[in-house]
Amino acid sequence: MKAKEGVINLLNKILTADLTAINQYFVHAKMCENWGYERLHHHIRKRAFDEMKDAEELIEHILYLEGVPNMQRLGTVHVGETVPEQFKADLKAEQEMLAILSEGVNHCTKVGDFTTRHMLEDMVKDVDEHIDWIETQQELIKQVGLENYLSEQIRKEE
């Protein structure tokens, strides 16, 4: 199926953001593991794998639309040196992804590509959930203090 005008470029832009996020989340997860924060390691690593699934879906959809996935492009990976810095960097990445996805939903509506629009709308829901999770963690740190928050991250998930 041939893609509508601008859809392949848009999907490749989203793919670039996903590939960048995969790397950022993966390094943050490994850092948390190294620091002994098992709960954070588990959650952030899962997010990296969720981004990989999104990237796989994007690649498959680009190929379905007879396009070529651009795997060479990668944005800047922002590595936080502390957990709060990681949350700040990840929140920024998610907010940027939300903007790109919203642009994509609007473009797909204009050109009449409702299959791609639906796929992007599903991704928007996932990004919204992750933004909410990060903001909740940041609020917890404010309320209970960084040391108390981090002490709870040492335990593995039940």
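Observations on the structure shown:
- Among the residues listed as Ile154, Ile62, the single one being surrounded by 13 or more Cβ atoms within 10 Å (Cβ to Cβ) and at negative phi: Ile62
- Segment 32-42, residues that are assigned to a helix (DSSP H, G or I) and surrounded by 22 or more Cβ atoms within 10 Å (Cβ to Cβ): Cys32, Leu40
Here's the yes/no breakdown for (1) in contact with a strand residue (DSSP E or B) (Cβ under 8 Å, 6 or more places away or on another chain); (2) farther than 17 Å from Gln138 by Cβ; (3) among the aliphatic types (A, V, I, L, M):
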residue: Lys2; (1), (2), (3): no, yes, no
residue: Asn9; (1), (2), (3): no, yes, no
residue: Asp18; (1), (2), (3): no, yes, no
residue: Ile22; (1), (2), (3): no, yes, yes
residue: His41; (1), (2), (3): no, yes, no
residue: Glu56; (1), (2), (3): no, yes, no
residue: Thr76; (1), (2), (3): no, yes, no
residue: Lys88; (1), (2), (3): no, no, no
residue: Ala99; (1), (2), (3): no, yes, yes
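- Pair list, Cβ < 9 Å and 6+ apart or interchain, from segment 101-128 residues that are under 14 Å from Glu5 (Cβ atoms) to residues that are assigned to a helix (DSSP H, G or I) and aromatic (Phe, Trp, Tyr): Cys108/Phe114
- Ala29 meets all of the listed conditions (1) in a helix (DSSP H, G or I); (2) out of contact with any Asp or Glu (no Cβ under 8 Å at 6 or more places or on another chain); (3) of a type in the set (A, V, I, L, M, F, W, C); (4) touching a residue at least 24 places away in the same chain (Cβ under 8 Å) but one, namely (4).
Each value in this text was obtained by applying a stated rule to the coordinates, not by laboratory testing. Owing to the predicted nature of the structure, the values given are computational and were not obtained by experimental measurement. Neighbour counts run over all protein chains shown; Cβ positions are idealised from the backbone, glycine included.
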